[in-house]
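Working notes for the structure below.
Just so you know, all these numbers are worked out from the coordinates, no wet-lab data involved. Note that the coordinates shown come from a computational prediction; the quantities given were computed from them, not determined experimentally.
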């Protein structure tokens, strides 16, 4: 380890396992890959996941820590612009009220909320993760290595590939057992949701996207193809197929920049 060439550990945390990549230097050259099985036990305050994280942190002896949470551990919403709201506290209150409206009275009390950046007049995305999980992760990063970023799978994909996206489109993030979709037009978010799924083939993903287009009543014009950005590491080595009126744009992560997500499929390795 060296301040001139820091080691970075990136953790991808899902309820059933944790994957990790240790990278070296400012270029983040991958040098070690790990996978550990984990289990979420009701009432243990996420201690099963945290113990595995602590083991990986000790083993890696890294200087910096990036954490990405599976979308299985998050909930999303699209938060429209409200001119009458005067500050972040009022934004938060309305977001929590909407959350309670969907998930039940006082449900928001158990969740930690965050907002995407947005300019005045534009909608933003809201992400919520369990408060207890957020607290134990902050405790994990209280000592070296410090947590330098904490994101969800969808927000990591968005942050990593945002420069490739235009003013209109869809973003699809497929994990094992979870599908998250979002839509924006004229650089403004319109909707987002995340659902359980058993999609394991490009054909199944294509069929689901076709269904979502029909449900969204999206107009598909040949002269204005709908760009759909697809991040699906488990399927990216397979042909996606085609859909009339749609331009599929695969989002891939190169070997030189494995990032914190899905360590094994991204790097072409097997656990």
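Nearest 5 is fine: what % of DSSP beta bridges in segment 149-247 come out antiparallel, could you say?
Here the antiparallel bridges make up roughly 75 percent for segment 149-247.
With only alpha-carbon atoms in the gyration tensor, what are the semi-axes of the equivalent ellipsoid for segment 73-120, in Å, largest first?
Equivalent-ellipsoid dimensions as semi-axes: 19, 12, 9 Å.
Which residue, 98, 87, 45, tops the fluctuation ranking in a GNM of the chain built on C-alpha contacts under 10 Å?
Highest fluctuation among the options: 87.
Given Cα positions, please report Rg to Rh for segment 25-134, the hydrodynamic radius being the Kirkwood one.
For segment 25-134, the value is 1.07.
GNM on the chain, C-alpha springs below 10 Å: top fluctuator among 180, 200, 156?
200
Roughly what % of DSSP beta bridges within the chain run antiparallel, to the nearest 5?
For the chain, the DSSP antiparallel bridge percentage is about 65.
What number results when the radius of gyration of segment 131-207, computed over Cα atoms, is divided by 2.2 N^0.38 Å?
1.38
For the chain, modelled as a GNM with alpha-carbon contacts under 10 angstrom, which of 186, 161, 196 fluctuates the most?
Highest fluctuation among the options: 186.
Subtracting the Cα-Cα distance from 0.36 nm times the residue separation, let me have the gained length for residue 237 to residue 97 in nm, one decimal.
Answer, rounded to one decimal: 46.2 nm.
May I ask you to work out the translational diffusion coefficient for the chain at 25 °C, viscosity 0.890 mPa s, via Stokes-Einstein with Rh from the Kirkwood sum over Cα pairs, reported in whole µm²/s?
In µm²/s, the coefficient rounds to 124.
If you average the C-alpha positions of segment 97-123 and of segment 183-240 separately, how far apart do those two centres end up, in angstrom?
Value for the Cα centre distance between the two parts: 24 Å.
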